[in-house]
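Comments concern the structure below.
The values are calculated or read from the model by the stated rules, or taken from the named source; none is laboratory data. For clarity, every value in this text was computed on a predicted model and none was experimentally measured. So basically every Cβ, Gly included, is an ideal-geometry build from the backbone, and we count neighbours across all protein chains shown.
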């Protein structure tokens, strides 16, 4: 009888152990931010107003491959100064190139629709947030361009190329893979630096200082430093509310306007980007963001 009791005890303990091991781990709810590239979204200027294309320029809507951010802040109201809100994220920075700069090598690049930042909701400061500030660092996209036929220079051909666009305040770039070609830089590059790859060839240059559009409709109440690329927008539909008692994820979709966001000096006025005829990129900034709580 005692042997049977011992056997039963072992059996019960084994069942309890199996049952315990089958329990699902506790998954903490997260605050998640995802990019969504939107070519139909309004094209804004630096003050958040509808923007037209400057005389003597042309622009096109690029096809995004990847995008990255280096700063994310939530603001309770329109009077919250930059840095005085709830700062959720700051990307790695370095002084390898001299002045402080975004470390491009460590900067996370994501595709359209992917998560660019997440954190446990329990670690987020509770509150109601009406505004978001998001500083972008890098964009990689494809564009259409016109070029001279090498076999017949009187004839023009249409091709596609890939642009690596650096829109952060300052970026230390060791190397950058534009599409299939790698460009070695090993230096800091200010906002507006770009590289262009097509047919296995690489070109690079620098847009004029202050030319990159950074929409901020709160310029009067809470301005941002020049060259910072901190895009500002109000939550669409309803503000973001964090109570600290959430049991499910909160997902924020950050819609990014690429509506004619690649702009250049159009030397002959035909509406095509023609780098071999002197067309120069003048603006590679996004044309606004629209955060939406899903």
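The table that follows gives values for the structure above.
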read-out: Complete set of residues in segment 92-121 that are exposed (fewer than 13 other Cβ atoms within 10 Å of the Cβ) and under 18 Å from residue 29 (Cβ atoms); value: 120
read-out: Restricting segment 285-294 to residues that are without any contact (Cβ under 8 Å) to a residue 60 or more places away in the chain and assigned to a strand (DSSP E or B), the residue that is nearest to the chain's Cα centre (by Cα); value: 292
read-out: Scan of segment 51-91 for residues that are crowded, with 17+ Cβ neighbours inside 10 Å and not in a strand (DSSP E or B), ordered by number; value: 51, 61, 62, 80, 82, 85, 91
read-out: Filter result (under 22 Å from residue 61 (Cβ atoms) and touching a helix residue (DSSP H, G or I) at 6+ places or on another chain (Cβ under 9 Å)) within segment 216-270; value: 264, 267, 268
read-out: Segment 256-268, residues that are in contact (Cβ under 8 Å) with a residue 24 or more places away in the chain and either surrounded by fewer than 19 Cβ atoms within 10 Å (Cβ to Cβ) or under 30 Å from residue 237 (Cα atoms) (or both); value: 256, 257, 258, 259, 260, 261, 262, 265
read-out: Some residue of segment 185-207 being surrounded by fewer than 14 Cβ atoms within 10 Å (Cβ to Cβ), at pLDDT 95 or above and more than 29 Å from residue 290 (Cα to Cα); value: yes
read-out: Number of the exception - residue 83 against (1) at negative phi; (2) at pLDDT below 95; value: (1)
read-out: Test: residue in segment 274-284 that is in a loop (DSSP other than H, G, I, E, B), surrounded by fewer than 18 Cβ atoms within 10 Å (Cβ to Cβ) and under 27 Å from the mean Cα position of the chain (by Cα); value: yes
read-out: Of all residues in segment 157-178 being surrounded by 19 or more Cβ atoms within 10 Å (Cβ to Cβ) and free of Cβ contacts under 8 Å to residues at least 40 places away in the same chain, the one that is nearest to residue 94 (Cα to Cα); value: 164
read-out: In segment 137-156, the residues that are modelled with pLDDT of 95 or more and either surrounded by fewer than 19 Cβ atoms within 10 Å (Cβ to Cβ) or over 16 Å from residue 62 (Cα atoms) (or both); value: 137, 142, 144
read-out: Matching residues in segment 227-264 - criterion: being in a loop (DSSP other than H, G, I, E, B) and closer than 25 Å to residue 196 by Cβ; value: 227, 228, 229, 258, 259, 260, 261
read-out: All strands (runs of 3 or more DSSP E) inside segment 100-215 with 2 or more residues being touching a strand residue (DSSP E or B) at 6+ places or on another chain (Cβ under 8 Å) and under 18 Å from residue 35 (Cβ atoms); value: 115-120, 131-149, 152-166
read-out: Matching entry among 117, 64 (being in contact (Cβ under 8 Å) with a residue 60 or more places away in the chain and either in contact with a helix residue (DSSP H, G or I) (Cβ under 9 Å, 6 or more places away or on another chain) or farther than 19 Å from residue 287 by Cβ (or both)); value: 117
